[in-house]
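The next block holds one structure in the form of structure tokens; read it before the comments.
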Amino acid sequence: MLKYILKRTVQMVPTVIGVILLTFVLFNIVPNDLAAIALGKNVTLEMLENFDQQRGLNKPLFLGTRAKNRAYEDHNLADGAGRWRAWSNAVYSAATATLTIQPGAAINPLAFPLKDGEYEWTATYRGQGNLAGTELDAADWQTEKVRFQTMGEAGFATAGNPLEIKALKLRRITTNPFDSQLFFYFKQLMRGDLGFSEYFKQPVSRLLLDGIPASLSLTIPIFIIGVVVSISLSLVCAFFRNTFIDRFLVVIAVALMSINYLIYIVAGQYLLAYKQGLFPVWGYESWRYLVLPVLIGVVSGLGSNIRFYRTVMLDEMYKEYVRTAFAKGVSKPRVLFVHVLKNAMIPIITNVVIAIPFLYTGSLLLENFFGIPGLGYLGINAILSSDIDVVRALVLIGALLFVVANLLTDICYAVADPRVKLK
Amino acid sequence: MIKQGQSLWSDAWRRLKKDRIAMVCLGLVVLFTLLAVYGEVVYFYHHAKDITPAYQKINLDLAYQAPGAAHWMGTDGLGRDVMQRLVQGVRIAYKVGIITSLIAIPIGVLLGCLAGFYGGKVDDFVVWLYSTFASMPGLLFILAIAMVVPENGLLGVYLGIGLTTWVGLCRLVRGEVLKHKEQTYVQAAKALGLGSGRIMFKHILPNILHVIIVTFTLRFPAAVGTEVIMSYLGIGVQGEPSWGLMIDSARMRLWQGMWWEMTFVTLALFLLVLAFNLLGDALRDALDPRLDD
Amino acid sequence: MSENTNILEVQNLRVHFGRGDERVKAVDDVSFTVGRGETVALVGESGSGKSISALSITKLAPRAARYEGGRILFNGQNMLDLSEAELRSVRGSQISYIFQEPMVSFNPVFTIGWQIGEAIKLHRKGIDRKAETKRLLKLVHLPERLASAYPHQMSGGQLQRCMIAMALACSPELLVADEPTTALDVTVQREILNLLLELSEKVGLSILMITHNFGIVSDLADRVYVMKKGRLVEEGTTKNVLYNPQHDYTKQLMAAVPRLRPVEQNSLTTENTENTEESK
């Protein structure tokens, strides 16, 4: 058995890597400007840069020695003058898409002071001038890379002649080509660092730990009560198979499944809390506040669970061994509750264990609507306020839990079904 | 091959016709589809002519009217006719259902076919890929996608739902292809020297079409439901009367005693989802080639 | 009153499925008897109604079946009159069944010992189940240790023996065997049939054998009934029916059996020990 567990654990690894990569793709590759999404519109470039710096977002994606910097963001002069409009002695020509720095000018185009390190300008220029301590002199268009340290001059200076610029790029030089976003992310995860919440100004791991108890207090009751009720009702369906009771329950199940989760919450809050005054509407003061959300959580899940468990039971009931049992003189209840149930439990266990990860994400909606300060509440809040690190952490942890739950399911399967070969 | 396919469809139709509930659902689906088309026409007309459509016109004098002769389903807080907005909601729901399927179905079918047919490393890769996607926590993942996708608005919603729906279909298709691959008609085709691509698309694909149709019918309402939640939360559609938005604005009014907007939107959503769900179930039974009459 | 030597008397049994246009007369006015200690064969092709007839004896036919007429007298009592509870006490204790596919006829998640033990527990209280299970396994020539094995760990032949053991757990008077060897390999078939022969002599068991295999009929059965499409077309002693089939259908059935040599009268008698393995 131990070898089986080990083997399954090893098989988990590619999926774990896949999950990490997928979150990387989603949060590092897909968005154009994550900092802008997270911090919004009214922020300085320096604040954006700090955001990037903290999360390694200014590094190359996978591999490389050049990192971007917001002190001078990539800007295609064909699109316009951009920030260069601020300097009167840098004349922009839309027709040629060039910038002409007038003679006798000293312009530092950096938006904020650079942190220590080695940097590099890549300039396509024509004319004469000085850039970050290096003399530029070319009669015709030329592209040159100019390196400089943060100490000292970083900008342009012209003397007697103008300097035309067609393209300009700033990069920080990193010593380690493997110092990339991907690597940074992996290192973060190894350390257990899940990022920093801009909204709460706290490390994400702390927020998660704080939120777990509340979520569990909601989802564990939903899980347990839900499973018990669903299995019981599906047993009823199987026992009264194809009679009125069975068909009625199936119709109810489909109807329950078709009601949108929102409606359950809205109707529940309105009818039971507000109108009837049976439960408090919002908050997390005592266990009473959990009753309504738990009730809603259970009822909303009943539909699909009953249908699934019922199908499983009925599939079993049509098997040959059931006929043998009847032929032995076993009574119908015993056939159902002893013979069929034990077989049916095998697929049911899968279904049940797989639901465990959802215990953790809490119900995003339930917590949000009922003001329960768990991980679901945290999640919705993070989505609405674009608190990237929190969202990413929740997604990552949720996925990893799912992978672990799969492993547990396999183990349960091996324990419950004597036919599983423990190879 | 084609003859066999035809008799499967007529067989299935025959079985479906016998199921009265399924027929009712089919009727509802047709009705909703017509409403969606009508809604699209109305939208397009007003959009092209740059007029404000009736369902957007704010008229505070008419606000909060209970259902009556002029407005069968009453008016909302800004005096807009609830029924007309409801119809527009159908249109948006259909857009979501169809576009997300247009994303999910090609991906799921293509990957499923490749995995099932070629096996080996290709299969390993596809299984790894969909296992990874399947591990993602549902709604949260969709919301995250909507959050990071560059353009705001419905694109994020479509991608989010589409990129999570393909997984189930891929699994199913892969399973079916694996089953069919071993069957004699494929061996026969191979023996005749037909190329892989041809076998896959002309022979196997028609036989897994029923899986695709059933999946579409069952995922459609799920997509609609998810979008309703998302627009309720304020993500995705702005301005246009998605049912989610209507529920949001109806919620507070409910507590003030104005029941009609919430009731009718709830009913419409429920009926749409129920009809598709039941129809999908019935289709699944009718199209199952193994079920004897 | 003279002692009735028939343990089972089926009289004019009618078992139907469906209604109206879709009515199927699975068993249409069928009558047969099984005498005490006799082995009787019910022969026919698939769809002939032989299985349904056998299952109907204790109302084990599928739920959709309707018992439309006739009587099933077991030891003089009409089974069709009994309540469900009464039927349950007969099933497994006085009338036992063995079925065609032993591999799927056992519950996969319980051990063989548990399942045999259940049969014992249901009808015989106060017995040492473990010891009794061992005795039963010995009776069918299986090692005792198999009691703790699961069905999937055993071969078809072994499982069928277990099924026989389980069926005999409560010393039934009648054993109904529904094609017990059809799903087994040829050599294993022979073993099972020999076992049945041995047991029927040892324990005085009456057997109702459902089969489509005339080889089995000639080896085991005292009398034969031939069924076609729910009706009885021929009956008689094995010798008579096999040598002198009256009905065309019976003739067709027998002619359909592939043989390496043309049929000779002598090759089918049970007395002939040179029983042709090849002709099966």
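The values are calculated or read from the model by the stated rules, or taken from the named source; none is laboratory data. Every value quoted in this text rests on a predicted model; they were computed, and no experiment measured them. Counting neighbours? That spans all protein chains shown, and the Cβs are built from the backbone with ideal geometry, glycine included.
Name the residue that is farthest from A:Q188 (Cα to Cα), counting only residues in region A:380-398 that are over 9 Å from the mean Cα position of the chain (by Cα), touching a residue at least 12 places away in the same chain (Cβ under 8 Å) and at the interface with chain B (Cβ under 8 Å from one of its Cβ atoms).
A:I380
Report the residue count in region A:132-162 for those that are part of a strand (DSSP E or B), within 22 Å of A:R70 (Cα to Cα) and among the acidic types (D, E).
Counting residues in region A:132-162 that are part of a strand (DSSP E or B), within 22 Å of A:R70 (Cα to Cα) and among the acidic types (D, E) gives 1.
Suppose we filter B:L267, B:L218, B:L271 for residues that are within 12 Å of another protein chain (Cβ to nearest Cβ), under 13 Å from the mean Cα position of the chain (by Cα), at negative phi and modelled with pLDDT of 90 or more; which single one remains? First the steps, then the outcome.
Working: B:L267 fails: under 13 Å from the mean Cα position of the chain (by Cα); B:L271 fails: under 13 Å from the mean Cα position of the chain (by Cα).
None of the other options fit; the residue is B:L218.
Considering only residues that are more than 41 Å from the chain's Cα centre (by Cα) and more than 9 Å from chain C (Cβ to nearest Cβ), look in region A:310-333 and name the one that is farthest from C:P108 (Cα to Cα).
My answer is A:P333.
Among the residues in region B:192-205, are any of a type in the set (S, T, Y), more than 14 Å from chain A (Cβ to nearest Cβ) and closer than 24 Å to A:S386 by Cα?
No, region B:192-205 contains no residue that is of a type in the set (S, T, Y), more than 14 Å from chain A (Cβ to nearest Cβ) and closer than 24 Å to A:S386 by Cα.
Does region B:21-65 hold any residues that are modelled with pLDDT of 80 or more and part of a loop (DSSP other than H, G, I, E, B), and which are they?
Selection gives B:D50 alone.
Tell me whether region A:92-110 contains one or more residues that are surrounded by 16 or more Cβ atoms within 10 Å (Cβ to Cβ), outside any helix (DSSP H, G or I), more than 14 Å from every other protein chain (Cβ to nearest Cβ) and polar (S, T, N, Q).
yes
Which of the numbered conditions does A:V330 fail, given that it passes all the others? Conditions: (1) of a type in the set (V, I, T); (2) crowded, with 21+ Cβ neighbours inside 10 Å; (3) part of a helix (DSSP H, G or I).
All conditions are met except number (3).
Within region A:34-51, which residues are out of contact with any Leu (no Cβ under 8 Å at 6 or more places or on another chain) and either more than 10 Å from every other protein chain (Cβ to nearest Cβ) or not in a helix (DSSP H, G or I) (or both)?
A:G40, A:K41, A:N42, A:V43, A:T44, A:L45, A:E46, A:E49, A:N50, listed by residue number.
What's the number of the only condition in (1) crowded, with 20+ Cβ neighbours inside 10 Å; (2) outside any loop (DSSP other than H, G, I, E, B); (3) in contact (Cβ under 8 Å) with a residue 60 or more places away in the chain that C:I52 fails to meet?
So C:I52 meets the others, but not (3).
Of the numbered conditions (1) more than 23 Å from C:G156 (Cα to Cα); (2) outside any loop (DSSP other than H, G, I, E, B); (3) within 14 Å of another protein chain (Cβ to nearest Cβ), C:T58 satisfies every one except a single condition; which is it?
Every condition holds for C:T58 apart from (2).
For region A:12-33, which residues satisfy the criterion of being among the aromatic types (F, W, Y) and either surrounded by fewer than 15 Cβ atoms within 10 Å (Cβ to Cβ) or facing another protein chain (nearest Cβ under 9 Å) (or both)?
A:F27
Take region A:79-91 and flag every residue that is modelled with pLDDT of 85 or more, among the aliphatic types (A, V, I, L, M) and surrounded by 15 or more Cβ atoms within 10 Å (Cβ to Cβ).
A:A90, A:V91
Could you check A:A35 against (1) of a type outside the set (S, T, N, Q); (2) in contact with an Asp or Glu (Cβ under 8 Å, 6 or more places away or on another chain); (3) over 22 Å from B:L143 (Cα atoms) and say which number it fails?
(3)
Conditions: (1) farther than 25 Å from B:G280 by Cα; (2) more than 14 Å from chain C (Cβ to nearest Cβ); (3) in a helix (DSSP H, G or I); (4) touching a Phe, Trp or Tyr at 6+ places or on another chain (Cβ under 6 Å). A:P280 meets all but one. Number of the miss?
It is condition (3) that A:P280 fails.
Any idea how many residues of region B:141-162 are under 21 Å from A:T15 (Cα atoms) and at pLDDT below 90?
Count: 0.
This table checks each residue for (1) surrounded by fewer than 22 Cβ atoms within 10 Å (Cβ to Cβ); (2) in a helix (DSSP H, G or I).
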{"residue": "B:W72", "(1), (2)": "yes, no"}
{"residue": "B:G77", "(1), (2)": "yes, no"}
{"residue": "B:Q84", "(1), (2)": "yes, yes"}
{"residue": "B:Q88", "(1), (2)": "no, yes"}
{"residue": "B:I92", "(1), (2)": "no, yes"}
{"residue": "B:I105", "(1), (2)": "yes, yes"}
{"residue": "B:G108", "(1), (2)": "no, yes"}
{"residue": "B:G112", "(1), (2)": "no, yes"}
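Could you list, ordered by first residue, the pairs with Cβ atoms under 7 Å in which the first is in region B:184-200 and assigned to a helix (DSSP H, G or I) and the second is modelled with pLDDT of 75 or more, at least 6 apart or interchain?
B:V186/B:H180; B:S196/B:F117; B:M200/B:C113; B:M200/B:F117
What is the one condition in (1) closer than 19 Å to B:I212 by Cβ; (2) assigned to a loop (DSSP other than H, G, I, E, B) that B:V96 does not satisfy?
So the condition that B:V96 fails would be (2).
I'd like the residue in region B:233-264 that is of a type in the set (A, V, I, L, M) and facing another protein chain (nearest Cβ under 9 Å) and, out of all such residues, is nearest to A:L262 (Cα to Cα).
B:I247
Listed residues B:F125, B:F117, B:F141; which is free of Cβ contacts under 8 Å to residues at least 60 places away in the same chain and surrounded by 20 or more Cβ atoms within 10 Å (Cβ to Cβ)?
B:F141
How about region A:230-259: which of its residues are within 20 Å of A:V291 (Cα to Cα) and either more than 36 Å from the chain's Cα centre (by Cα) or crowded, with 21+ Cβ neighbours inside 10 Å (or both)?
Once the filter is applied, which keeps residues that are within 20 Å of A:V291 (Cα to Cα) and either more than 36 Å from the chain's Cα centre (by Cα) or crowded, with 21+ Cβ neighbours inside 10 Å (or both), region A:230-259 yields only A:S230.
Kindly establish whether C:Q100 is within 23 Å of C:E191 (Cβ to Cβ) and part of a helix (DSSP H, G or I).
Values: within 23 Å of C:E191 (Cβ to Cβ): yes; part of a helix (DSSP H, G or I): no.
So C:Q100 fails the test.
If I ask for residues that are modelled with pLDDT of 70 or more and polar (S, T, N, Q), which ones from region B:163-210 would you list?
Selection gives B:T164, B:T165, B:Q183, B:T184, B:Q187, B:N207.
Considering only region C:61-72, state which residues are part of a loop (DSSP other than H, G, I, E, B) and modelled with pLDDT of 90 or more.
None; the set is empty.
Determine if region A:133-143 includes at least one residue that is buried (at least 16 other Cβ atoms within 10 Å of the Cβ), free of Cβ contacts under 8 Å to residues at least 60 places away in the same chain and of a type in the set (S, T, N, Q).
no
Of all residues in region C:73-92, which are in contact with a Ser or Thr (Cβ under 8 Å, 6 or more places away or on another chain) and either more than 9 Å from chain A (Cβ to nearest Cβ) or not in a helix (DSSP H, G or I) (or both)?
C:M79, C:R91
For region A:213-229, which positions are among the small types (G, A, S) and over 26 Å from the mean Cα position of the chain (by Cα)?
A:G226
Step by step: first the residues of region B:114-144, then only those that are part of a helix (DSSP H, G or I) and of a type in the set (G, A, S), then the one that is farthest from the other protein chains (Cβ to nearest Cβ). Which residue is that?
Among those that are part of a helix (DSSP H, G or I) and of a type in the set (G, A, S), it is B:G116.
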